[in-house]
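Written below as structure tokens is the structure these notes are about.
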Amino acid sequence: MDKNTENGIENNYILAIESSCDETAASVVRNGREVLSNVIASQIALHTLYGGVVPEIASRRHIEKINQVICQALSEAGVGLRDITAIAVTYGPGLVGALLVGVSAAKAISFATGIPLVGVHHINGHISANYIEHNDLEPPFVCMVASGGHSHLVVVEDYGIYRLIGRTRDDAAGEAFDKVARAIGLGYPGGPKIDKLAREGNPDAIVFPRARVAENEYDFSFSGLKSAVLNYLNSCEMKGEAVCRADVAASFQRAVIDVCVEHSMAAVREFGYDRFAIAGGVASNSALRAAFEEACAAQGVKFYRPSPVYCTDNAAMIGAAGYYEFLRGVRHGYDLNAVPNLSL
């Protein structure tokens, strides 16, 4: 049987590639919602040695792994290139060297086979991760994207059509997590370690600031919060006072969550939508998920969140986004390039 036609229904198979930071990933997604394979070669152990992602090392590892993950993704999905409808690839934002590896691989396959090429915005991918496990989720809705490099509040007007209503003015939420984790001696990656340690602490033990931006109530600012944590730690050291790391982690985490929830629920009320979603690596934080679930229930809003594996960087989310971009008629030529500062 032709894999592209089943029970009279046309199937679209998207081969997706993601290499924007420190995960080399490939996936095959059918019709935007069904993940047939999701292969991720993580570099966390490698970059932990340096306390964070080293761009040049990340790029070299992508080169080593890209062909392996693509072949594995096709094999696990039980399809060949002849079955693929389109190739979707992240082309920004991200680390330029890392992005170039994925973009080059996608263009090479497209050139050799004639399969259409679809460039995908990384944030579009994160938002689209929600479609994978929630068949009832359709635009419009409000989405909070929180990751190591981004803190965005967006109105999803249609598939791939976004209105950015809030963004960070300085540090992203995930960046703040990593810096605070380093300051209290947890190391890299900071997000999961703070999430775990915070469960042992008192979130009300230390009052850290909740920053608000006067010019736009939906914008975020986490730099001051990070500085407040560092000042607290320095003050304790100067006074010879013991520091309870669990309390610091829990109090810091509560401050981030309070701001995210407050801004997001205000947007939901203003725009009148009854659906809200979260996305990005920070969206896997257990306390953040619980806080949003409670806030949405209180406002009568349906809450959507991807499973943790689809929150962090992966290619399945790029496949979901790429499918809807393909349906919208998006096609890219072989001049597609990496755009590290690509705007949403």
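Set side by side, the residues E133, E175 differ, and just one is closer than 20 Å to E34 by Cα, touching a residue at least 12 places away in the same chain (Cβ under 8 Å) and not assigned by TED's automatic domain parsing to the domain that holds G322, which is E133.
Every residue, every condition in (1) crowded, with 17+ Cβ neighbours inside 10 Å; (2) touching a Ser or Thr at 6+ places or on another chain (Cβ under 8 Å); (3) at positive phi, yes or no:
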site	(1), (2), (3)
D136	no, no, no
V142	yes, yes, no
A146	yes, no, no
H150	yes, yes, no
T168	yes, yes, no
A172	yes, yes, no
A176	yes, yes, no
K179	yes, no, no
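Would you be able to say whether some residue in region 39-54 is closer than 19 Å to V120 by Cα, assigned by TED's automatic domain parsing to the domain that holds S104 and touching a His at 6+ places or on another chain (Cβ under 6 Å)? Looking for residues that are closer than 19 Å to V120 by Cα, assigned by TED's automatic domain parsing to the domain that holds S104 and touching a His at 6+ places or on another chain (Cβ under 6 Å), one finds none in region 39-54, hence no. Scan region 30-52 and give yes if some residue there is in contact with a Leu (Cβ under 9 Å, 6 or more places away or on another chain), surrounded by 18 or more Cβ atoms within 10 Å (Cβ to Cβ) and of a type in the set (A, V, I, L, M), otherwise no. No, every residue in region 30-52 fails to be in contact with a Leu (Cβ under 9 Å, 6 or more places away or on another chain), surrounded by 18 or more Cβ atoms within 10 Å (Cβ to Cβ) and of a type in the set (A, V, I, L, M). Identification of strands (runs of 3 or more DSSP E) wholly contained in region 135-229 with 3 or more residues that are over 22 Å from the mean Cα position of the chain (by Cα) and of a type in the set (D, E) yields no element. Of all residue pairs spaced 6 or more apart or on separate chains, those with beta-carbon atoms under 7 Å, a first member in region 186-197 that is in contact (Cβ under 8 Å) with a residue 12 or more places away in the chain and a second member that is surrounded by 19 or more Cβ atoms within 10 Å (Cβ to Cβ) and assigned to a loop (DSSP other than H, G, I, E, B) are G191/N285; K193/L186; I194/L186; D195/N285; L197/L186. Of all residues in region 152-166, those being in contact with a Pro (Cβ under 9 Å, 6 or more places away or on another chain) and either within 17 Å of G94 (Cα to Cα) or surrounded by fewer than 18 Cβ atoms within 10 Å (Cβ to Cβ) (or both) number 3. Taking (1) within 30 Å of F271 (Cα to Cα); (2) in a strand (DSSP E or B) in turn, N124 satisfies each apart from (2).
The rows are residues; the columns are (1) out of contact with any strand residue (DSSP E or B) (no Cβ under 7 Å at 6 or more places or on another chain); (2) surrounded by fewer than 23 Cβ atoms within 10 Å (Cβ to Cβ).
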| position | (1), (2) |
| --- | --- |
| C71 | yes, yes |
| V79 | no, yes |
| D83 | no, yes |
| P93 | yes, yes |
| V96 | yes, yes |
| F111 | yes, yes |
| I115 | no, yes |
| I123 | no, no |
| I127 | no, no |
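The values are calculated or read from the model by the stated rules, or taken from the named source; none is laboratory data. Bear in mind that the values here come from a model prediction, so they are computed numbers and not experimental data. Glycine also receives a Cβ, built like all others from the backbone with ideal geometry; neighbour counts cover every protein chain displayed.
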